[in-house]
Amino acid sequence: MKTCSIAIRAMVFFVVLTGLAYPLFVTALAQLFFSDKANGSLVYVNHKVAGSKLIGQQFDSLIYFQSRPSASKYDGMASGGSNLAVTSADLREIVNQRMHAFAQANHCTGTLREIPEMFFASGSGLDPHISLNAALLQVERVSTSRKFTAQQTHKLIELVIAMAQKPMLPFMGNQTINVLLLNIQTDRLK
């Protein structure tokens, strides 16, 4: 009986410690020191949530820069890739459709091999970034759709270049741009 009582008290102690005290302590620290990140890195426009800096989303309108494709339709609860092999005929067909649609919408020829991220979904399906080259190829479409003047188009190009983030390591990867943040800044261009 004494052993059972000790076991029950130990179990209650550890349940309270690991199931209540520790999570509350870690949550309090996260809110105190990393509030933005702990709350999902949300981006607000006019006091309304426009999205998260960490999760890609779909922009259907021609006035916006397009995100990288998503096999999960940008659903954070269904994150994942298509699991189609490189040799898959289905993947080849999907990529060809995406290439054709991108080339047609953005009036580009010959430069599409430089931007594979616009045709292949990321592993998570939620990547919020595109390369600087992919953004620059979309400038003409966005500018034309918004009926920008030459001066506004020049400002848009400067904005795209200014928002490019360098890779973490200089020898790995390309400059990238967060599409949500770029579209918000593009909306603010006058």
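The values are calculated or read from the model by the stated rules, or taken from the named source; none is laboratory data. Because the structure is predicted, anything quoted here is derived from the model rather than measured. Quick reminder, even Gly has a Cβ in these numbers, built from the backbone with ideal geometry, and neighbours come from all protein chains shown. Accessible surface is based on the protein model in full, side chains and every heavy atom, while ligands, DNA and RNA are left aside. Shrake-Rupley method; radii C 1.70, N 1.55, O 1.52, S 1.80 Å.
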**Report entry** Subset of segment 107-150 [among the aliphatic types (A, V, I, L, M), out of contact with any helix residue (DSSP H, G or I) (no Cβ under 8 Å at 6 or more places or on another chain) and under 24 Å from residue 190 (Cα atoms)]
**Finding:** 150
Report task. Tell me, yes or no, whether segment 66-89 has at least one residue that is under 14 Å from residue 121 (Cβ atoms), open to solvent by less than 60 Å² (accessible area, probe 1.4 Å), at pLDDT below 90 and touching a helix residue (DSSP H, G or I) at 6+ places or on another chain (Cβ under 6 Å). Result -> yes
**Report entry** Where a residue in segment 92-113 is at positive phi and its partner, wherever it lies, is assigned to a helix (DSSP H, G or I) and not aliphatic (A, V, I, L, M), with Cβ under 8 Å and at least six apart
**Finding:** 107/140; 107/141
Query raised in the report: Quick check: is even one residue across segment 100-117 open to solvent by less than 30 Å² (accessible area, probe 1.4 Å) and under 17 Å from the mean Cα position of the chain (by Cα)?
Result: yes
**Report entry** Qualifying residue in segment 24-32 (condition: under 30 Å from residue 178 (Cβ atoms), polar (S, T, N, Q) and at pLDDT below 90)
**Finding:** no
Query - Members of segment 118-130 found to be more than 12 Å from the chain's Cα centre (by Cα) and under 20 Å from residue 165 (Cα atoms), listed by number - result: 118
Query raised in the report: Looking at segment 168-190, which of its residues are open to solvent by less than 100 Å² (accessible area, probe 1.4 Å) and of a type outside the set (A, V, I, L, M, F, W, C)?
Result: 173, 175, 176, 178, 183, 185, 186, 187
**Report entry** Selection count, segment 7-61, where residues are touching a Ser or Thr at 6+ places or on another chain (Cβ under 7 Å), open to solvent by less than 100 Å² (accessible area, probe 1.4 Å) and assigned to a loop (DSSP other than H, G, I, E, B)
**Finding:** 6
